[in-house]
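Encoded as structure tokens, the structure appears first; notes follow it.
The values are calculated or read from the model by the stated rules, or taken from the named source; none is laboratory data. On a predicted model such as this, the values are computed, not experimentally measured, just so you know. With ideal geometry, Cβ positions are generated from the backbone for all residues, glycine too; neighbour counts draw on all protein chains shown. To get the accessible areas, we keep the full protein, side chains included, count just its heavy atoms, and leave off ligands, DNA and RNA. Shrake-Rupley method; radii C 1.70, N 1.55, O 1.52, S 1.80 Å.
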Amino acid sequence: FDALLTILDPDVVLRPDVAAVRMGNVPDARGANAVAQFMRRGANALRLALVDGVAGLAWTPSGHILGAVQFIIAGDRIVQIELIRDPDHLDRLDVVLLEV
């Protein structure tokens, strides 16, 4: 949690797509603490991934990719996190799970 806070911009924004919001309990969030708390909730089902060739996360609660997380970075901080759950959008992304 503390490590995540060090790379989040203080004004970071979490933006879920419509499908993620429909899933429930996925609000827009702003600020490092609020965003980190939200990300922490689903951390067990998140895996490191390349999303269109860029470091990101994949949401894999059932062992299958059901969502993706893309980071928008400025300088050395994450300024925006996009949660993608829409199946059509996911199909257009190249999501490669990374082994750690």
Tell me, please, whether a residue that is farther than 26 Å from E99 by Cβ, in contact with a helix residue (DSSP H, G or I) (Cβ under 9 Å, 6 or more places away or on another chain), modelled with pLDDT under 90 and acidic (D, E) can be found in the range 18-29.
yes
Mind listing whichever residues of the range 16-29 are closer than 17 Å to F71 by Cβ and surrounded by 14 or more Cβ atoms within 10 Å (Cβ to Cβ)?
P16, D17, A20, V26, A29
Report the residue count in the range 33-65 for those that are in contact with a helix residue (DSSP H, G or I) (Cβ under 8 Å, 6 or more places away or on another chain), surrounded by 15 or more Cβ atoms within 10 Å (Cβ to Cβ) and more than 15 Å from E99 (Cα to Cα).
2
Taking only pairs six or more apart or across chains, which ones have beta-carbon atoms under 6 Å, a first residue in the range 83-95 that is within 18 Å of F71 (Cβ to Cβ) and assigned to a strand (DSSP E or B), and a second residue that is open to solvent by less than 60 Å² (accessible area, probe 1.4 Å) and among the charged types (D, E, K, R)?
I84/D17
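Check L14, L50 and return the single one that is touching a Leu at 6+ places or on another chain (Cβ under 9 Å), touching a residue at least 40 places away in the same chain (Cβ under 8 Å), closer than 14 Å to V79 by Cα and not basic (K, R).
On inspection, the qualifying residue turns out to be L14.
Find the residue count for the range 66-75, including only residues that are surrounded by 13 or more Cβ atoms within 10 Å (Cβ to Cβ) and free of Cβ contacts under 8 Å to residues at least 12 places away in the same chain.
Count: 2.
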Selected residue (criterion: modelled with the lowest pLDDT) from residues of the range 53-80 that are among the hydrophobic types (A, V, I, L, M, F, W, C), in a strand (DSSP E or B) and closer than 16 Å to A19 by Cβ:
W59
Only unsatisfied item for I78, checking (1) within 24 Å of D9 (Cβ to Cβ); (2) open to solvent by 60 Å² or more (accessible area, probe 1.4 Å); (3) in contact with a helix residue (DSSP H, G or I) (Cβ under 8 Å, 6 or more places away or on another chain), is (2)
Of everything in the range 1-11 that's open to solvent by less than 90 Å² (accessible area, probe 1.4 Å) and assigned to a helix (DSSP H, G or I), which residue is nearest to R77 (Cα to Cα)?
I7
